[in-house]
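Undergrad: Starting off with a structure, shown below.
The values are calculated or read from the model by the stated rules, or taken from the named source; none is laboratory data. Predicted model, so just to flag it, every value in this text is computed and none were measured. FYI the Cβ positions are ideal-geometry reconstructions off the backbone, even for glycines, and counts take in every protein chain you see. Heads up: the accessible areas ignore ligands, DNA and RNA and are worked out on the full protein's heavy atoms, side chains in. Shrake-Rupley method; radii C 1.70, N 1.55, O 1.52, S 1.80 Å.
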Amino acid sequence: MTNSSADPVRPSTLAQLAALVGTVLGPTDWHEVTQQRIDAFADATGDHQWIHVDPERAANGPFGTTIAHGNYSLSLGPFFTGQLIAFDGFAHALNYGYNKVRFTAPLPVGSRIRMRATITAVHEIAGGAQVLNKLTFEREGAAKPVLVVEAVGFLAERKEKPGREVADALGSER
């Protein structure tokens, strides 16, 4: 099943979330990759490798232009995810990390990128659920995606006051 609605899907229970397993959400709106955004990302991360920030040198490089950092694309995941699914029916949602990240193609400056997400699993755990999502980042006009990710999230069920089980499930101290 595919949901390409302009509004994000809004599950508010674990059962509603589990019913979305296998559903392709998206695509999101296009995001334009500009040199200004690449430079700002380089400033934020300290990664000023010439292939990203030196258009003159990159013109003679392997891609003929600058390319976005792989982590620039990855960092768009939460922004894009918010266009596809909203977790406001839960107490909170946390990015728990990534099981697998593959930068499969370059993202040249001037490109447009968007994302599709597929919920692949919902595992109930104390206080909520661990959610696995396959995130596919595609470049306009390209045959293959620029990035494919297995993202892991945690959703806490809405309760009057979250109990110790939520902190224990995440392995954190209170």
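Undergrad: Go through ALA93, ALA59, ALA117 for me and flag whichever is over 30 Å from ARG158 (Cβ atoms) and of a type outside the set (S, T, N, Q). Give the derivation first.
TA: Numbers: ALA93 fails: over 30 Å from ARG158 (Cβ atoms); ALA117 fails: over 30 Å from ARG158 (Cβ atoms).
Among ALA93, ALA59, ALA117, only ALA59 is over 30 Å from ARG158 (Cβ atoms) and of a type outside the set (S, T, N, Q).
Undergrad: For residues that are touching a helix residue (DSSP H, G or I) at 6+ places or on another chain (Cβ under 7 Å), open to solvent by 10 Å² or more (accessible area, probe 1.4 Å) and of a type in the set (A, V, I, L, M, F, W, C), tally how many sit in segment 118-134.
TA: Residues flagged as touching a helix residue (DSSP H, G or I) at 6+ places or on another chain (Cβ under 7 Å), open to solvent by 10 Å² or more (accessible area, probe 1.4 Å) and of a type in the set (A, V, I, L, M, F, W, C) within segment 118-134 amount to 3.
Undergrad: Write out, first by first residue and then by second, each pair whose Cβ atoms fall under 6 Å of each other, whose residues are 6+ apart or on separate chains, and whose first residue, in segment 23-38, is in contact (Cβ under 8 Å) with a residue 12 or more places away in the chain and under 19 Å from VAL9 (Cα atoms) while the second is open to solvent by 20 Å² or more (accessible area, probe 1.4 Å) and assigned to a helix (DSSP H, G or I).
TA: THR28/GLN83
Undergrad: Any chance you could count how many residues in segment 49-97 are closer than 22 Å to ALA6 by Cα, over 15 Å from the mean Cα position of the chain (by Cα) and open to solvent by 50 Å² or more (accessible area, probe 1.4 Å)?
TA: Of the residues in segment 49-97, 1 are closer than 22 Å to ALA6 by Cα, over 15 Å from the mean Cα position of the chain (by Cα) and open to solvent by 50 Å² or more (accessible area, probe 1.4 Å).
Undergrad: Does VAL33 count as closer than 30 Å to GLU157 by Cβ, modelled with pLDDT of 95 or more and either β-branched (Val, Ile, Thr) or in contact with a Leu (Cβ under 9 Å, 6 or more places away or on another chain) (or both)? Explain how you work it out, then say what you get.
TA: Details: closer than 30 Å to GLU157 by Cβ: no; modelled with pLDDT of 95 or more: yes; either β-branched (Val, Ile, Thr) or in contact with a Leu (Cβ under 9 Å, 6 or more places away or on another chain) (or both): yes.
In short, no.
Undergrad: Here's a follow-up. Of everything in segment 22-48 that's exposed (fewer than 14 other Cβ atoms within 10 Å of the Cβ) and under 26 Å from HIS92 (Cα atoms), which residue is farthest from the chain's Cα centre (by Cα)?
TA: My answer is GLY22.
Undergrad: Scan segment 5-45 for residues that are on the phi < 0 side of the Ramachandran plot and among the small types (Gly, Ala, Ser) and jot them down. Walk me through how you get there before you give the answer.
TA: Applying the first criterion (on the phi < 0 side of the Ramachandran plot) to segment 5-45 yields 5-21, 23-25, 27-45.
If the condition is that a residue be on the phi < 0 side of the Ramachandran plot and among the small types (Gly, Ala, Ser), then SER5, ALA6, SER12, ALA15, ALA18, ALA19, ALA40, ALA42, ALA44 are the ones that fit.
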